[in-house]
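S.K.: Below is one structure. I have some questions about it.
The values are calculated or read from the model by the stated rules, or taken from the named source; none is laboratory data. If you're wondering where the values come from, they're calculated on a predicted model, not measured in any experiment. In this analysis, Cβ positions are derived from the backbone assuming ideal geometry, glycine residues included, and neighbour counts consider all displayed protein chains.
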Amino acid sequence: MKTAIEIRQNFVDGKISAVEIVTQYLERIKKYDSELNAFLAVFNERALEKAKALDAKREKGEPLGKLAGVPIAIKDNILIEGQLCTCASKMLENYKAPYSATVARLLEEEDAILIGKTNMDEFAMGGSGTHSAFGPTKNPYDLTCSPGGSSSGSAAAVSADLCPIALGSDTGGSIRQPAALTGIVGFKPTYGRVSRYGLVAFGSSLDQIGPFTHSVKDVALMMEVLGKHCEHDSTSLNTTPIRYLEEIESSLEGKRIGVPWHFLEELNGEVKDNFEESIEKLKSLGAEVIDVDLDILKYGVSIYYILSTAEASTNLARFDGIRYGYRTKKAENLESTYRLSRSKGFGWEVKNRILLGTSVLSSSSYEELFAKAQKVRTLLIHKMREAFGKCDCIAIPTAPSTAFALDGMKDPLEEYLQDLYTIGANMAGLPAISVPSGLSAKGKPFGIQFMGPQTHDLEVMRFAYAFESKCPPLSPPQFGAGND
Amino acid sequence: MSLEEEKNSKYLGSLARIELSEDEEKTFNQNLEKILGYMHLLDEVDTQGTLPCTHVLETTTNVMGEDEVGEHLDHETFLKNAPDSVGGMIKVPPVMQAE
Amino acid sequence: MTDIHYENWEPVIGLEVHVQLNTKSKMFSRSLNQFGDEPNTNIDMVNTGQPGTLPILNKQAVKYAIQFGLAVNAEVARTSSFDRKSYFYPDNPRNFQITQFFNPIIRNGTVTCDVDGHTKHVKIVEAHLEDDTGMLKHFSSFAGVDYNRAGTPLLEVVSAPSMHSPKDASAFAMALKAIMQYLGVAECNMDQGGLRMDANISVRPKGDKTLRPKVEIKNMNSFHNMEMAIEAEIRRQIQAYTLNPNEDHAKAIQPGTYRFDLSTRKTVMMRLKEDALDYRYFPEPDLVPITLQEEEIEALKASLPELPHQRYLRYISDLELPADSASVLINDKYTSDFFEEALPIAKNATSLCNWLISEFLGRFKEKGITLKASNLKSENIGKLVRMIEEKVITGRIAKQVADDMLAHPEKNPEEIVKANPNYQPVSDTGVIEPIVDQILKDNPQSIADYKAGRTKAMAFLVGQVMKETKGKASPSVVNDLILKKISS
């Protein structure tokens, strides 16, 4: 398994051509993806064309971008001009993107090679990958299990080494949770750090795009490329770019790590053991572990239910069969055009959340639900700020369990509770990363999560990097083990 | 409209232009109570005097663009994704004069 | 048949006026803001609601809103923000509008207007920024949607329910239009939908202070039609209350959203209040708040141009124009600016004003054009008025010259008069005198009447001479001659 940094170095050194790199990965996708169902679209031609052009560039001795030769998969809710962008929904099954997301443009400017669009929970709503209109994605570590979600395809693809890097989106944990469940690194930047222009909106005040990688240094590399101000996004941070790669190596000696032990009270079994082991590793690196009060996080899922569904209900209103997307052939008037197109075009989970969101925003519920949730969000942000007054970074498990069975989640609440430990970072706009921290007895991965104050993306990466260097690399999944 | 009527999937569906099948409606109404209960967990939190969080980046204000004509969507590209068009316009079933 | 005593009722009217701002680009995106182009050619990713797009606020629109607020002595909110307003309609590209519900940028304020010579001060509750919808074109078996207009910046001005007649309402709206034009923030081209009005109407027995249920009439883009619509609705409500004296008020008049049917001249219900949409307003997460500093507001205040009411006061005090004439003059900026340009040449303000708003305006109405469309030059009308002042031509001849000017706007009146011998006034007493003699000879009774004190008889005699000379004789010369002859 090569990291992006290694691939780029090999390419730049002339050890391998871009065409060879891309061909290798395309072959792995061809061989293994029919089982995994991680990809919704594979850019066979486009990727090879870009690779050829890149090889020519190298021939000519032209300067090569930071991601030169690196194949990257993109979650199918991020637009690439001229390519289908389905959000894993029947509603957008045939929708061709008329423009490229800022992130796609930034990646290609640095000579990355976009290799395909990945499967996901429809419109990013879900934590299992089973809510796709095009079939579920499987977890390479256990094909009977879910890889998590909603960035299920991106996580599975990187985990099975069908590509070294993939982009996902995270609204309540949709990058970090699947990263943990598939044994890879997943990073959600500070809100506003990465442009949302070209990301199909779900929870506007919560969404962020971030990378899946095999190493924390690859995250740093990706963030150097993606972490830029965007003039098409009013919520984009306007700060000086950070040289993550240069600054990432740092001792944890004397650094303080906050752990909300009381909030984690109900953690048990292997997940608990693994987390405690990880804390010991951090201590051995010289960090001081402090108890912090984050009991308020127990309200995270409730706030999330209210705010994310409310925002989503309006963000998805534009999908009405009028200007683009699925339009029913059966309607004779406008009202039934709307109703039939939306009822048929959206899957159950999406319809469910839109109705919930509509309910939350209705005039009689606004104060008691929506406004209330916004206020509790404020309190949550304060509590996190207080905690960060005592520590440099918070450590917490990423997910409450390892990968669950594909048909395992019957109770909608259960799936939401998967996000219990990840939601806080979205609520407060904080940078957070999940790093593999071991395998369960059944061989399923665990992840540990580090969160930092807003804009402290580098600090979070430092903790993750130090932890990663203390951990033996995770055994790759059996599935897809064949070539390197 | 009473709270109950407002939570009714038919009313919500009419606002959101979504019609659930009979089975879906059953499931929705069943789950709704549980989900509402979860949302109402927030009732126990004392938010007296707390301002609602409308933006998580508190210090970002006044983001505006210069009033210059810039990026544009090509007419053909726009219509290519349209389910139905006529005379350069998006074609829809006849509409009653409304808003 | 019950007698309906309309005079016992007081109408209560509030207006919501939507004004399209004349920015170059849209409110939240940068495609061209322009009327009349081929459908779906002034569009972009944002204003067509493509997935993944985000709004970026137009700086100029914010500036215009502030300038308006300052012009009406309103409070400019130091912090304001945007909200989503949800409803489904094909001309709504996201099926939510971005508006300002919770924290509008402008609050309170007063618009001064003139109604039949009386000055009225109409209170504004608030004014806010929002984006316009696309346009729906209705055909028999389908409709077509054009998104060129979607995203056009709107400034919505909400008045207090403090107007009491259709004339009040149109005076307010006209004054608002004038303010927008004088500020240069909007053209308010009514035919192009540049200014649209919604009226909220209720009635109550005279003397009553409570408010009864109201009816909303939406989307009127003509002052005249609005007056008719409001009048029709007032009558409908009064009739309803009179014929159903014991009915619950809401039941009697059926509050809701109505539209005015021009052909039947009646208001027609579109949607009952109970069925009113729940717009589910909540703060727009994709836009950050606007925070304004004192210095920038002061700077904008200092640079405000002369406003319509200031100009109105200047016209009646400095120029001594009659109030109602001044009122008509200032209500259209183009006309008023034109007047200012012509004045130094014309030298007589009252006469110039009269020529503009009465003589010429009448001619424009006949032709169905405006002053601007006529291509007439201000110096030419100025010259025409001066020529009358200096008695180079008579008033009567001037009317013919005016017709010629309208037909040939590139020509100036001096050359028109020079070119047409019929326009040269005749002052030569040698020519006039014989005619005067003849008229006096033919009308001995009139001479007697005049001498008896009936001054009208003189006007008659002068008129007869003028008729004989086909209006070319100088009236003052004729007058003097007759007087001389009668008294001798």
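S.K.: I need the strands (runs of 3 or more DSSP E) fully contained in segment C:128-220, keeping only those with at least 1 residues that are among the hydroxyl-bearing types (S, T, Y).
M.R.: Here the list reads C:153-159, C:195-205.
S.K.: Let me spell it out: the conditions are (1) under 30 Å from A:S362 (Cα atoms); (2) of a type in the set (A, V, I, L, M, F, W, C); (3) at the interface with chain C (Cβ under 10 Å from one of its Cβ atoms); (4) surrounded by fewer than 17 Cβ atoms within 10 Å (Cβ to Cβ), and B:L41 meets all of them except one. Which number is the exception?
M.R.: Unmet for B:L41, out of (1) under 30 Å from A:S362 (Cα atoms); (2) of a type in the set (A, V, I, L, M, F, W, C); (3) at the interface with chain C (Cβ under 10 Å from one of its Cβ atoms); (4) surrounded by fewer than 17 Cβ atoms within 10 Å (Cβ to Cβ): (3).
S.K.: Does segment A:132-153 contain at least one residue that is within 13 Å of the chain's Cα centre (by Cα) and part of a helix (DSSP H, G or I)?
M.R.: Yes, segment A:132-153 contains a residue that is within 13 Å of the chain's Cα centre (by Cα) and part of a helix (DSSP H, G or I).
S.K.: Just to be sure I understand the filter: pairs with C-beta atoms under 7 Å, separated by 6 or more residues or on different chains, first member in segment C:79-101 and facing chain A (nearest Cβ under 7 Å), second member among the polar types (S, T, N, Q) and not in a loop (DSSP other than H, G, I, E, B). Which pairs pass?
M.R.: Going by the 7 Å Cβ cut-off, the qualifying pairs are C:R84/A:T314; C:S86/A:T314; C:N95/C:S86; C:F96/A:T314; C:F96/C:S86.
S.K.: Now a separate question. Taking A:K375 as meeting all but one of (1) more than 10 Å from chain B (Cβ to nearest Cβ); (2) part of a helix (DSSP H, G or I); (3) charged (D, E, K, R), write down the number of the exception.
M.R.: Looking at each condition in turn, A:K375 falls short on (1).
S.K.: Counting just the residues of segment A:374-413 that are modelled with pLDDT under 95 and among the charged types (D, E, K, R), which one comes out farthest from A:P136 (Cα to Cα)?
M.R.: Among them, the one singled out is A:D411.
S.K.: Sticking with this one: Select the helices (runs of 4 or more DSSP H) contained entirely in segment A:397-484, then report the ones holding at least 3 residues which are among the acidic types (D, E).
M.R.: Answer list for segment A:397-484: A:457-470.
S.K.: Show the residue pairs that are 6+ apart or on different chains and have beta-carbon atoms under 8 Å apart, the first residue being within segment A:327-342 and more than 8 Å from every other protein chain (Cβ to nearest Cβ), the second being in a helix (DSSP H, G or I).
M.R.: Sorted first by the residue in segment A:327-342, then by its partner, the pairs are A:T328/A:S336; A:T328/A:T337; A:T328/A:L340; A:T328/A:S341; A:T328/A:K344; A:K330/A:S336; A:K330/A:L340; A:S341/A:M91.
S.K.: Scan (1) under 24 Å from the mean Cα position of the chain (by Cα); (2) within 16 Å of A:L380 (Cα to Cα); (3) assigned to a helix (DSSP H, G or I) for the single condition B:D43 breaks and write down its number.
M.R.: So B:D43 meets the others, but not (1).
S.K.: Scan segment A:84-105 residue by residue and report those that are buried (at least 22 other Cβ atoms within 10 Å of the Cβ) and of a type in the set (A, V, I, L, M, F, W, C).
M.R.: Correct list: A:C85, A:C87, A:A88, A:M91, A:L92, A:A97, A:A101, A:V103, A:A104.
S.K.: Between residues in segment B:15-34 that are facing chain A (nearest Cβ under 8 Å) and without any contact (Cβ under 8 Å) to a residue 60 or more places away in the chain and residues that are of a type in the set (D, E, K, R) and in a helix (DSSP H, G or I), which pairs lie under 6 Å by C-beta distance while being six or more apart or on different chains?
M.R.: B:R17/A:R339; B:R17/A:R342; B:I18/A:R342; B:I18/A:K351; B:E19/A:R339
S.K.: Which ones in segment C:281-309 are within 23 Å of the chain's Cα centre (by Cα) and either in the same structural domain as C:D116 (by TED's automatic domain parsing) or loosely packed, with under 15 Cβ neighbours inside 10 Å (or both)?
M.R.: Matches in segment C:281-309: C:L304, C:P305, C:E306.
Let's see how each residue does on (1) closer than 14 Å to A:A166 by Cβ; (2) without any contact (Cβ under 8 Å) to a residue 60 or more places away in the chain; (3) within 14 Å of another protein chain (Cβ to nearest Cβ):
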{"position": "A:A41", "(1), (2), (3)": "yes, no, no"}
{"position": "A:A51", "(1), (2), (3)": "no, no, no"}
{"position": "A:E81", "(1), (2), (3)": "no, yes, yes"}
{"position": "A:L84", "(1), (2), (3)": "no, yes, yes"}
{"position": "A:L107", "(1), (2), (3)": "yes, no, no"}
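S.K.: What are the residues in segment C:253-294 that are among the acidic types (D, E) and either in contact with a Pro (Cβ under 6 Å, 6 or more places away or on another chain) or more than 10 Å from chain A (Cβ to nearest Cβ) (or both), if any?
M.R.: C:D261, C:E274, C:D275, C:D286, C:E294
S.K.: Okay, next question. Residue by residue through segment A:419-458, note down the ones that are of a type in the set (G, A, S) and surrounded by fewer than 23 Cβ atoms within 10 Å (Cβ to Cβ).
M.R.: Result: A:G438, A:S440, A:A441, A:G443.
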